[in-house]
1. Where residues in the stretch 176-188 are without any contact (Cβ under 8 Å) to a residue 40 or more places away in the chain and part of a strand (DSSP E or B), which of them is surrounded by the most Cβ atoms within 10 Å (Cβ to Cβ)?
2. Test Leu161 against the criterion of being closer than 16 Å to Pro71 by Cα and either surrounded by fewer than 21 Cβ atoms within 10 Å (Cβ to Cβ) or touching a residue at least 24 places away in the same chain (Cβ under 8 Å) (or both), and give yes or no.
3. Being outside any loop (DSSP other than H, G, I, E, B) and basic (Lys, Arg) is the requirement here; does Lys173 meet it?
4. Looking at the stretch 124-147, I want the residues that are more than 20 Å from Asn111 (Cβ to Cβ) and of a type in the set (Ser, Thr, Tyr) and have a partner that is outside any helix (DSSP H, G or I) and at pLDDT 95 or above with Cβ atoms under 9 Å, at least 6 apart or on another chain. Which pairs are those?
5. Among residues belonging to the stretch 189-221 that are assigned to a helix (DSSP H, G or I) and either among the β-branched types (Val, Ile, Thr) or in contact with a helix residue (DSSP H, G or I) (Cβ under 7 Å, 6 or more places away or on another chain) (or both), point out the one that is surrounded by the fewest Cβ atoms within 10 Å (Cβ to Cβ).
6. Sort out which residues of the stretch 59-111 are part of a strand (DSSP E or B), touching a residue at least 12 places away in the same chain (Cβ under 8 Å) and more than 18 Å from Ala138 (Cβ to Cβ), and write them in order of number.
7. Can Lys117 be described as surrounded by fewer than 20 Cβ atoms within 10 Å (Cβ to Cβ) and either farther than 14 Å from Gly58 by Cβ or of a type in the set (S, T, N, Q) (or both)?
Amino acid sequence: MKQLRFSLLFLFCVLITVPAAAKGKTKVIAHRGYWKTEGSAQNSIRSLERANEIKVYGSEFDVHLTADNVPVVFHDSKIQGKHIQTTPYAELKDLKLPNGETLPTLEQYLNRAKKLKKAKLIFELKSHATPERDREAAKIAVDMVNSKKLGKRTEYIAFSLEAAKELHRLSPKTPVYYLNGDLSPKQLKELGFAGLDYNYKVMQKHPEWFKEAKDLKLKINVWTVDDPEVMKEMIESGADFLTTDYPEEAQKAVLLYR
């Protein structure tokens, strides 16, 4: 008991001595929402609600177009054996997520997000079969976000360079981040992107990109940072955002190390 009291006192002292300007400097993004919690599932509406409840900066989610151009929120290319991008929505609409929710459409997801009014929407547009399809998906995505008047709360991310460029062209005032890890900060700046959103192993391989990005006034998002030691490393290196499956642990790490 004495050891527990000491540990709690030590943690309290650390937290109150963190300079005010440093607190929260690195922001936390819940990867596929806050899904590692009871009643939730990846990319479910409940995962969005839970992310909002713990007051993270943003909740990340993934969007595919169905064969008939209905955007749905799901990470993998297949759900229950059906390939999302080549299947009509009518064949997908009743499929369930692990928590019992029905596969959400983007419209359903955004309608719920609009009522929550807190967490940013970190919108990953999944890569599609062709550059033309990437551009079509980007237009459908931007049109729907704008129709819901959620442009100011949305940030786009994409592995497809074609999709990322089209998102930036269609919505130049909305932050767009590139995920693939193969472009330098200078190249991203030239393309007009808001920053880089790279796997932490890419940033470990290119630690110089932290300074280069900062010098170019680009933001740095790092994924998927679940290990406490990697959280510490990325925070201390200057990451602006941590995308993680453990958002509450990451929030604590931010307070400890910045």
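The values are calculated or read from the model by the stated rules, or taken from the named source; none is laboratory data. Here the structure is a predicted model, which means the values were calculated and not measured. Note that each Cβ is placed from the backbone with ideal geometry, even for glycine, and that neighbours are counted across all protein chains shown.
1. Filtering the stretch 176-188 for residues without any contact (Cβ under 8 Å) to a residue 40 or more places away in the chain gives 176, 178, 180-188.
Checking which are part of a strand (DSSP E or B) leaves us with 176, 178.
Values: Val176: 28, Tyr178: 26.
Within the stretch 176-188, the match that is surrounded by the most Cβ atoms within 10 Å (Cβ to Cβ) is Val176.
2. Working: closer than 16 Å to Pro71 by Cα: no; either surrounded by fewer than 21 Cβ atoms within 10 Å (Cβ to Cβ) or touching a residue at least 24 places away in the same chain (Cβ under 8 Å) (or both): yes.
For Leu161, the condition - closer than 16 Å to Pro71 by Cα and either surrounded by fewer than 21 Cβ atoms within 10 Å (Cβ to Cβ) or touching a residue at least 24 places away in the same chain (Cβ under 8 Å) (or both) - is not met.
3. On the way: outside any loop (DSSP other than H, G, I, E, B): no; basic (Lys, Arg): yes.
For Lys173, the condition - outside any loop (DSSP other than H, G, I, E, B) and basic (Lys, Arg) - is not met.
4. Cβ pairs passing all conditions: Ser127/Ala158; Ser127/Phe159; Ser127/Ser160.
5. Step one: filter the stretch 189-221 for residues assigned to a helix (DSSP H, G or I), giving 189-191, 200-205, 208-215.
Add one more test, that the residue is either among the β-branched types (Val, Ile, Thr) or in contact with a helix residue (DSSP H, G or I) (Cβ under 7 Å, 6 or more places away or on another chain) (or both), and what stays is 191, 200, 202-203, 209-210, 212-213.
Numbers: Leu191: 14, Tyr200: 21, Val202: 16, Met203: 25, Trp209: 21, Phe210: 19, Glu212: 17, Ala213: 24.
Among those residues, the one meeting the criterion is Leu191.
6. Start the filter on the stretch 59-111 by keeping residues that are part of a strand (DSSP E or B), which leaves 59-65, 71-73, 78-79, 82-83, 96, 102, 105.
Next, from what is left, pick out any that are touching a residue at least 12 places away in the same chain (Cβ under 8 Å): 59-65, 71-73, 79, 82, 105.
Selection gives Ser59, Ile79, Lys82.
7. No.
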